[in-house]
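First the structure, in the form of structure tokens, and then the observations on it.
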2 protein chains.
Amino acid sequence: MSSTSHTLPPEHQASLIDGKAFAATVRQQIREDVLAFHDQHGVTPGLAVILVGNDPASEVYVKNKAIQTHHAGMRSFMHMLPETTSETELLTLIGRLNNDPEIHGILVQLPLPNGLDARRITNAILPEKDVDGLGEVNAGRLAVNLPGIVPCTPLGCLMLLRDQLGDMKGQHAVVIGASNLVGKPMALLLLAEGCTVTIAHIHTRDTAALAREADILVVATGCRELVRGDWIKPGATVIDVGITRTQTASGKSRLVGDVAFDEAVKIAGRITPVPGGVGPMTIACLLKNTLTAAQMQIEGKTE
Amino acid sequence: MSSTSHTLPPEHQASLIDGKAFAATVRQQIREDVLAFHDQHGVTPGLAVILVGNDPASEVYVKNKAIQTHHAGMRSFMHMLPETTSETELLTLIGRLNNDPEIHGILVQLPLPNGLDARRITNAILPEKDVDGLGEVNAGRLAVNLPGIVPCTPLGCLMLLRDQLGDMKGQHAVVIGASNLVGKPMALLLLAEGCTVTIAHIHTRDTAALAREADILVVATGCRELVRGDWIKPGATVIDVGITRTQTASGKSRLVGDVAFDEAVKIAGRITPVPGGVGPMTIACLLKNTLTAAQMQIEGKTE
């Protein structure tokens, strides 16, 4: 059924999927495409990022998004609003950005403070400016295989997989985690690639046995080191979306994924490290989506 | 992993899932709900069905839909247009029906004649009147688990499964076929029920082996008698969406499904016959969706 070997030499080590290096290549390409787009249309893509409240982690994410947008040659607009912002005020701002021809992408940083309905707010963004791809129109376009804007993290995973594997037709992909943000769009993307797709989640009875069938295993659960070495089919490609900060015995802080890396690296064929795997791809894909959004708006192009 | 037995007595026969009887019950309930809705709001739900061209099978389907709508106590409007109808003419009609307060559901019978873009036309129907659930907004609502209108055939399969099995949490469902009309929405519905879901399709390498893992097997491929008895896990629930007209040796015409029924009935725990299984549920679900659409429009209710 699989092209991979079931016996591995004892010294086997999976090759590492270097998301950091690949994301740098993607960002460089976007920078060139942004310049070409400007030459052709006299327009610079613009991204508006909205942050409500004072969550420190969100502040870091938003700042990084703004800086990388700027580095990619695009215009970056930050809207930092107090925790007391009402839904009406936020919807008014989104309405204004929807109508602003200098803004091609709008992103509302999640999570939102209590009292703000994330679903209603996400859906208020025009589908062609919804660079997070989280609105229902873009979710629908993905589900029925139409051009649209795909959520950044699963898009990043897909780009890594295409780069590593090329044609994935007929491969069995198992996605662990069924969130709207990662698991479900990831499953639909892999289906569109021609993979046989299994989605496992909190109610799944024997996730380990299912995982062992995977030629491609994507893990996005938020449970650190859930996937052990013996959950992995020898030679499989493993994409670890999880990222949790933890403390070592000596009290040092360290980032770990949803896969027990030290075990998995002895069994998998290819694996993303944490950090430096999927993470850097997410912002690169936000930049890509912003450019795609600008192209859709200016050229009527759908990618 | 499964609650079903792996050894069956030689005389084992699956119990038949009587879609015809269940659909009659559903239609009766809808009839009562339509009356109650009228009593409460003074409004009778109305369904507009549009047929373009002269495909004889489509004419039969459209006529049956109109009659059953009428029998359910709703208003039924048929628009039969010549094959020469332009996309602009069709879009103008849809625009008028979108704005007509007497019309709560709009259905364009597929397939459309060449030259008419089914996707553009389906998306022109207001999401709250899109009773086939095929527009991108309803597809997106299903994908992210929001209330919306679900395509009739997978909704019918889900209702049969809920009636037969109750809680499906943790069951492994395998869907064979990945169409926008049946396979993909079916997979998303089963995921929302808490099933572990595998989607197999034309590129899948060993569909038989995957099918044998299924506690719930839904087959929607259009390949007659593709699924053999030995593809089925003993005791599994089998839903056969396929329906193909074929000729017996004596020249008589006969309907067959995607499952080799005579073999499957000896292995499965429960199985839908063809005809009389899924088929009758599809129109019943169209009526249900029309009532749901009217409720959403009049009561602001989302189901």
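Restriction of the GluC sites (Glu not before Pro) in the stretch A:99-171 to DSSP coil positions whose beta-carbon has at most 13 other beta-carbons within 10 angstrom yields A:Glu102. Can you quote the Å³ per residue value for the convex hull of the Cα atoms in the stretch B:42-129, rounded to an integer? Hull volume normalised by residue count: 79 Å³.
Counting Cα-Cα pairs of chain B in 20 Å increments starting at 0 gives whole-percent bin shares of 32, 56, 11, 0.
State the antiparallel share, in %, of DSSP beta bridges confined to the protein assembly as shown, rounding to the nearest 5. Looking only at bridges with both residues in the protein assembly as shown, the antiparallel portion is about 15 percent.
Counting DSSP beta bridges in the stretch A:152-280, what percent are antiparallel, to the nearest 5? Taking every DSSP beta bridge within the stretch A:152-280, about 20 percent pair in antiparallel fashion.
When only the Cβ of Lys, Arg, Asp and Glu is charged (+1, +1, -1, -1), the dipole of chain A relative to its Cα centre reaches about 360 debye.
Share of carbon and sulfur in the accessible area of the protein assembly as shown stands at 52%, probe radius 1.4 Å. Distance between the 7 Å Cα→Cβ label points at A:Ser253 and B:Leu165: 4.5 nm. The C-alpha atoms of chain B define a longest principal axis, and helix B:19-41 lies at about 30 degrees to it.
Rounded to 0.05, the FRET efficiency of the A:Asn114 and B:Arg245 pair, given R0 = 51 Å and the Cβ-Cβ distance, is 0.30.
Over all other residues within a Cβ to Cβ distance under 14 Å of B:Val62, the charged ones net out to -1, with Lys and Arg as +1 and Asp and Glu as -1. Label points for A:Gln29 are taken 7 Å from Cα along Cα→Cβ. From this copy to the others they lie 5.1 nm apart, shortest first.
With a/c under 1.5 counting as rounded, go ahead and sort the protein assembly as shown into rounded, prolate or oblate using the C-alpha gyration tensor (a ≥ b ≥ c being the square roots of the eigenvalues; past the cut-off, prolate if a/b is larger than b/c, else oblate). Because a/c hits 1.5 or more and a/b fails to exceed b/c, the protein assembly as shown counts as oblate. In this structure the stretch B:42-129 gives 49 Å² per residue of accessible area when probed at 1.4 Å with all protein chains present. Across the identical copies, the 7 Å label point of B:Thr88, projected outward along Cα→Cβ, sits 4.4 nm from its counterparts, in ascending order.
Which of the pairs B:Lys20/B:Lys288; A:Lys169/B:Lys266; A:Lys129/A:Lys169; B:Lys184/B:Lys288; A:Lys266/A:Lys288 have their Cα atoms more than 26 Å apart in this structure? Beyond 26 Å: A:Lys169/B:Lys266; A:Lys129/A:Lys169; A:Lys266/A:Lys288. The simple Förster model, with R0 at 45 Å and r as the Cβ-Cβ distance, assigns A:Met80 and B:Met80 a FRET efficiency of 0.20. Label separation (A:His203 vs B:His203): 2.8 nm, computed from points 7 Å beyond Cα along the C-beta direction. Annotation for the B:A interface, with buried accessible surface near 3100 Å², both sides summed [1.4 Å probe; non-protein components not counted]. Unpaired cysteine residues in the protein assembly as shown (no second Cys Cβ under 4.7 Å): A:Cys157, A:Cys195, A:Cys223, B:Cys157, B:Cys195, B:Cys223. Report the residue of chain A with the smallest Cβ-to-axis distance, using the rotation axis that brings A onto B, in whole Å. That would be A:Gly140, 1. Beta bridges assigned by DSSP with both partners in chain A are antiparallel in approximately 10 percent of cases. Rounded, prolate or oblate: which fits the stretch B:153-303, taking a ≥ b ≥ c as square roots of the Cα gyration tensor eigenvalues, rounded meaning a/c under 1.5, else prolate when a/b beats b/c? Oblate, since a/c reaches 1.5 and b/c is not below a/b. Adding -39500 (n - 2.57) for every DSSP H run of four residues or longer, then dividing by how many residues chain B holds, sets the calculated 222 nm ellipticity at -12500 deg cm²/dmol. Accessible area per residue for the stretch A:152-280 is 36 Å², calculated with a 1.4 Å probe on protein heavy atoms, without ligands, DNA or RNA.
Farthest towards the positive end of the charge dipole of the stretch A:42-129, among the residues A:Ser86, A:His70, A:Ile106, is the Cα of A:His70, using unit charges on the Cβ of Lys, Arg, Asp and Glu. Between identical copies, the spacing of A:Pro113 label points, each set 7 Å from Cα toward the C-beta atom, reads 6.0 nm from nearest to farthest.
Of the trypsin sites (Lys or Arg not before Pro) found in the stretch A:195-303, the ones in coil according to DSSP and having at most 14 other Cβ atoms within 10 Å of their Cβ are A:Arg228, A:Lys252, A:Lys301. Taking Cα atoms only, the orientation of helix B:87-98 departs from the longest principal axis of chain B by about 80 degrees.
Against the main long axis of the alpha-carbon atoms of chain A, helix A:183-192 sits at an angle near 80°. For the stretch A:253-281, backbone nitrogen atoms closer than 16 Å to the point 7 Å from A:Asp230 Cα along Cα-to-C-beta are found at A:260, A:263-268.
Taking label points 7 Å from Cα along the Cα-to-Cβ direction, B:Glu32 and B:Val60 give a separation of 3.3 nm.
The values are calculated or read from the model by the stated rules, or taken from the named source; none is laboratory data. Computed from a predicted model, the values in this text were never measured in an experiment. Using ideal geometry, Cβ is built from the backbone for each residue, glycine included, and neighbour counts are taken over all protein chains shown. The area values use the complete protein model at the heavy-atom level, side chains included, leaving out ligands, DNA and RNA. Shrake-Rupley method; radii C 1.70, N 1.55, O 1.52, S 1.80 Å.
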